[in-house]
1. Could you grab me the full set of residues in segment 33-47 that are of a type in the set (S, T, N, Q) and farther than 22 Å from Glu190 by Cα?
2. Can you say whether Glu252 is surrounded by 12 or more Cβ atoms within 10 Å (Cβ to Cβ) and at pLDDT 75 or above, as far as the supplied structure shows?
3. Hey, among Ala155, Ala229, Ala206, which residue is in contact (Cβ under 8 Å) with a residue 60 or more places away in the chain and closer than 30 Å to Glu252 by Cβ?
4. Given the options Val205, Val165, name the one that is assigned to a helix (DSSP H, G or I) and either closer than 19 Å to Val72 by Cα or outside the structural domain of Leu244 (by TED's automatic domain parsing) (or both).
5. Looking at Leu130 and the list (1) at pLDDT below 90; (2) surrounded by fewer than 18 Cβ atoms within 10 Å (Cβ to Cβ), which single condition is not satisfied?
6. Within segment 181-202, is even one residue within 18 Å of Pro127 (Cβ to Cβ), crowded, with 20+ Cβ neighbours inside 10 Å, out of contact with any strand residue (DSSP E or B) (no Cβ under 8 Å at 6 or more places or on another chain) and modelled with pLDDT of 95 or more?
7. I'd like the full set of residues that are in contact with a strand residue (DSSP E or B) (Cβ under 7 Å, 6 or more places away or on another chain) and of a type outside the set (D, E, K, R), limited to segment 105-128.
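The values are calculated or read from the model by the stated rules, or taken from the named source; none is laboratory data. Only a predicted model underlies this, so the values are computations on that prediction, with no experimental measurement involved. Backbone-built Cβ (ideal geometry, glycine too); neighbour counts: all protein chains shown.
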Amino acid sequence: MHIMSTLKVTATGVPIIVGVSKAIRDVLQLADQVAATDCCVLIEGESGTGKELIARRLYARSQRAERPFIPVNCAGVSENLFESQFFGHVRGSFTGAEQTMLGVFRTAEGGTVFLDEICEIPLSLQPKLLRVLQEREVMPVGSPIPVKVDTRFLAGSNQNLAEMVRLGTFRRDLYHRLNIVRIHLPALRERPEDISPLLDHFLLVAADRYHRPPLSLSSQVRTILTNYAWLGNIRELSAWVERLYVTGLTPEILLDMLMGESSQTSNVGPTGQLTLKQAERQAITHAMEHSDFNQRKAARMLQVHRATLSRKLRLHNLS
């Protein structure tokens, strides 16, 4: 779990949203205006922009803050088990149903469900979700009796649902039921004035997590980072800061690595970020290159024992 997932909250339990731009201030103003209501809120934005953080803020400022908050990644829900996972089932209703299960919506009774990446729900299942939103009741698998639910629904999407409706890949009636209030989270590259405050925030978070003194960045490094595209948005930025503490490399070296990553998409994972193993391999490779392949110097640069570096070199087939 990287440091973007380290949830920072105020004394009242409200998640901290870092930013000084007008765009993010407008987002927070709208979120706070509708938080106390029970209306459905559709939060749209690219992956890594902080949709769940906004959902948690809506929840924390609502009348349901003392009840459960359950985030669900709709892309990871099995189509065959959709009704069972969401609506629950009674014991013996199908093979393997050894006990009665409430399902997500009933488990969140009195609280809030965040349907993240709702754009991934198949068309065939969308009418079943629409019925829940309209009737506020679920039909557990194996039960002939519907059960009322008192749950607030928030939804997140990294796709433009209005465009999906136009293309016929998302139901219009479900879209209108979700889109009571729409909050659009702008990409980080659209609000560069927020990058420096975010860097300061994540530098402190990572220092606390790894029990190290906070690192500082030069104005030159900050300027380059501010002008970087950040296709992975805040998640990518937080991962870059964490890499500073994990690898022990200088910001300048990691900046070179970042620029290399942006032009070598074949080396990144499905989210557009290096995996931890890939980041470690690149860090070792850069350290060896910058130390003229002297293992003792490279180990000092990486702040690890030479024996550890030797083992890592063998592990990554670099020896």
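1. Step one: filter segment 33-47 for residues of a type in the set (S, T, N, Q), giving 33, 37, 47.
If the condition is that a residue be of a type in the set (S, T, N, Q) and farther than 22 Å from Glu190 by Cα, then Gln33, Thr37 are the ones that fit.
2. On the way: surrounded by 12 or more Cβ atoms within 10 Å (Cβ to Cβ): yes; at pLDDT 75 or above: yes.
Taking the combined requirement at face value, the residue satisfies it.
3. Numbers: Ala155 fails: closer than 30 Å to Glu252 by Cβ; Ala229 fails: in contact (Cβ under 8 Å) with a residue 60 or more places away in the chain.
When all the criteria are applied, what remains is Ala206.
4. Working: Val205 fails: either closer than 19 Å to Val72 by Cα or outside the structural domain of Leu244 (by TED's automatic domain parsing) (or both).
Matching residue, one of Val205, Val165: Val165.
5. Going through (1) at pLDDT below 90; (2) surrounded by fewer than 18 Cβ atoms within 10 Å (Cβ to Cβ) one by one, Leu130 breaks only (1).
6. The first filter runs over segment 181-202 and keeps only residues within 18 Å of Pro127 (Cβ to Cβ), leaving none.
Within segment 181-202, none of the residues are within 18 Å of Pro127 (Cβ to Cβ), crowded, with 20+ Cβ neighbours inside 10 Å, out of contact with any strand residue (DSSP E or B) (no Cβ under 8 Å at 6 or more places or on another chain) and modelled with pLDDT of 95 or more.
7. Within segment 105-128, the first condition is being in contact with a strand residue (DSSP E or B) (Cβ under 7 Å, 6 or more places away or on another chain), and the residues that meet it are 105-108, 111-119.
Hits for segment 105-128 are Phe105, Thr107, Ala108, Gly111, Thr112, Val113, Phe114, Leu115, Ile118, Cys119.
Quick grid of which residues meet (1) part of a strand (DSSP E or B); (2) at pLDDT 90 or above; (3) within 21 Å of Arg172 (Cβ to Cβ); (4) not assigned by TED's automatic domain parsing to the domain that holds Gly168:
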{"position": "Ser78", "(1), (2), (3), (4)": "no, no, no, no"}
{"position": "Phe86", "(1), (2), (3), (4)": "no, no, no, no"}
{"position": "Ala97", "(1), (2), (3), (4)": "no, no, no, no"}
{"position": "Val104", "(1), (2), (3), (4)": "no, no, no, no"}
{"position": "Leu123", "(1), (2), (3), (4)": "no, yes, yes, no"}
{"position": "Asp150", "(1), (2), (3), (4)": "no, yes, no, no"}
{"position": "Phe153", "(1), (2), (3), (4)": "yes, yes, yes, no"}
